[in-house]
1. Send over the per residue convex hull volume for segment 48-203, Cα only, as a whole number of Å³.
2. Using helices alone, I'd like the mean residue ellipticity at 222 nm for the chain: each DSSP H run of four-plus residues gives -39500 (n - 2.57), total over residue count, nearest 500.
3. On full extension of the chain, what length is gained from Gln165 through Asn84, given 0.36 nm per residue of separation minus the C-alpha to C-alpha distance?
4. Could you give the length gained by full extension between Ala146 and Arg172, i.e. 0.36 nm per residue of separation minus their alpha carbon distance, to one decimal place?
5. What is the list of residues in segment 94-112 whose amide nitrogen lies under 20 Å from a point 7 angstrom out from the Cα of Arg40, following Cα to Cβ?
6. As I understand it, the value is the acute angle between the Cα axis of helix 189-204 and the longest principal axis of the Cα atoms of the chain; what does it come to in degrees, rounded to 10?
7. Want the number for Arg188 to Leu115: 0.36 nm per residue separation, take away the alpha-carbon distance, what's left?
8. With an 8 Å Cα cut-off and a minimum separation of 6 or more residues, compute the relative contact order for the chain in percent.
Amino acid sequence: MRLGPGAELLVFNGREGEFLARVAQAGKRSGELECLHLTRPLQEPPDLWLLFAPIRKARTDFIVEKAAELGAARIVPVQTAFTNAERIRRERLQAHAIEAAEQCGGTFVPEVTGLHKLDRLLETWPQERQILFCDEALVGGGPRLAQARPGPWAILIGPEGGFSQAERARIRAMPNVTAISLGPRILRADTAAVAALTLWQAALGDWKSS
Ligand code: SAH
């Protein structure tokens, strides 16, 4: 932001990709950049959503930042039975996602949606999108993800209080749900989100070498 006319920088728009740009005009409050040419095409993440129950502010910020870094296409805060947060600051979370992309040289910014009630969201859930249900009740057990089918997915992480029995029963009864454990220890929700994104990316996402 201290750049003057003629200086060059990289910019991205989340649609075409990254461009080399030159400062054409620099005012105190606004400026003008001239895009010179495309330097990198848009690199879209796999079609993976992260559904998580918002927790305390700093931890929610962390989840959004890490989801953007690890390659989620959409970030959906959900209100579950044991979620304390009544509202979120969507714009602030979106700004975190943008910042994470900037920091990591990304060309894509995942959309952060408003807060959705989990039960409502499940009522109209698109059939083709599989759900990776991170269920603390399965701690230490559960199936392996390696055999799971590719396609659009969503990871579901609960709040600090975990899922209610009613939620658990409902989610498990849905088609296209894979309930998994994240190992023999109970993780905090923010750690669980990072662990699940990592697992999914390694098994089904764009980290795979073949
Ligand atoms: N209070 C709960 C734990 C909630 S942890 C309890 O003591 O049982 C917050 C969320 O992280 C969970 O809802 C789940 O989605 C995820 N999680 C944490 N540890 C997990 C594990 N070992 N296996 C699967 N999911 C886990």
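1. 105
2. Counting only the DSSP helices, I get -8500 deg cm²/dmol.
3. Stretched fully, the Gln165-Asn84 segment lengthens by 27.4 nm.
4. Full-extension gain reported as 7.4 nm.
5. Counting only backbone N, you get 95-111.
6. Compared with the principal axis, the helix lies near 80 degrees.
7. Fully extending the segment from Arg188 to Leu115 adds 24.3 nm.
8. Once divided by the residue count of the chain, the mean separation gives 21 percent.
No lab work stands behind these numbers, since they all come straight from the coordinates. From a predicted model like this one, the values you see are computed outputs, not experimental measurements. Cβ coordinates were reconstructed from backbone atoms using ideal geometry, including for glycine residues, and neighbour counts include every protein chain displayed.
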